[in-house]
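Below: one structure, written as structure tokens.
The values are calculated or read from the model by the stated rules, or taken from the named source; none is laboratory data. Being a predicted model, the structure only gives us computed values, none of them experimental. Side chains included, ligands, DNA and RNA excluded: accessible areas come from the protein's heavy atoms. Shrake-Rupley method; radii C 1.70, N 1.55, O 1.52, S 1.80 Å.
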Amino acid sequence: MNAFLSLCEQRPFDAIVIKDITEAADVSRSTFYAHFQDKYDLLEQIVKAKLAELNHLYESRKTVILSYEPRQDGPDPYFAVMFEHLAENASSYLVLLSRLPESGFEARLTEAVHSTLGLRIDDNRMDQKQPIPLDILLESMSFWITGTAVAWLKQGMIYSPNYMAIQLSRLAAMGFYQAMNYKANK
């Protein structure tokens, strides 16, 4: 899988043939076809594996994530886990996001974030009335988180994962208007 992603860094997906993949991975064609139907199936398996890693990270730290109380001086563990993982796997994510639009990875990453946020709300706060309809809350948060993370990756991760986690935690705790120092008319 890494050999394939490396190839995708060097040339367009459409220009890569199975022979290129097998040579880069040092495997035979029969071994390749024993695991994958074609390069599209390989790409799909890579996308699924990355999304499964993120889901596993959430599940493995679920207790800590669900017990987090919002504050501005420390990172939400959900953000911390996500940004650390993205940083550790930046080259794979950058290829999926920038070089392989046919994978639909950004949209699927947004869906994964949406799903884990939904679980977090279900587990923590469903006994409380939500001030914003759940569908609007989940859509806006998932696009905000994913968009910020993708931009951070594409801009070369100029801030540390911890710094990003703290900033998103602060923004989530403060709200957009307070973060912009916007003062509402009384």
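Here are a few things to note about the model shown:
- Nearest 10 degrees, 0 to 90: helix 134-154 Cα axis against the chain principal axis: 60
- Too-long pairs where the Cα-Cα distance tops 27 Å, listed order kept, from Lys19/Lys48; Lys129/Lys154; Lys39/Lys154: Lys129/Lys154
- Helix axis angle, 161-174 relative to the chain longest principal axis, alpha carbon, degrees: 40
- Taking 0.36 nm per residue of separation and subtracting the current Cα-Cα distance, fully stretching the chain between Ser140 and Ala15 would add 41.3 nm.
- Taking every Cα-Cα distance in segment 64-186 and sorting them into 5 Å bins starting at zero, the pair-distance distribution P(r) comes out as 2, 10, 18, 23, 21, 13, 9, 4, 1, 0 percent.
- For Glu69, the accessible area of its heavy atoms, probed at 1.4 Å with every protein chain present, is near 120 square angstrom.
- Column: log10 I(q)/I(0), Debye, Cα scatterers of segment 1-64, q = 0.16, 0.26, 0.27 Å⁻¹: -0.57, -1.10, -1.16
- Distance from the C-alpha centroid of segment 143-183 to that of segment 67-117: 12 Å, rounded to the whole angstrom.
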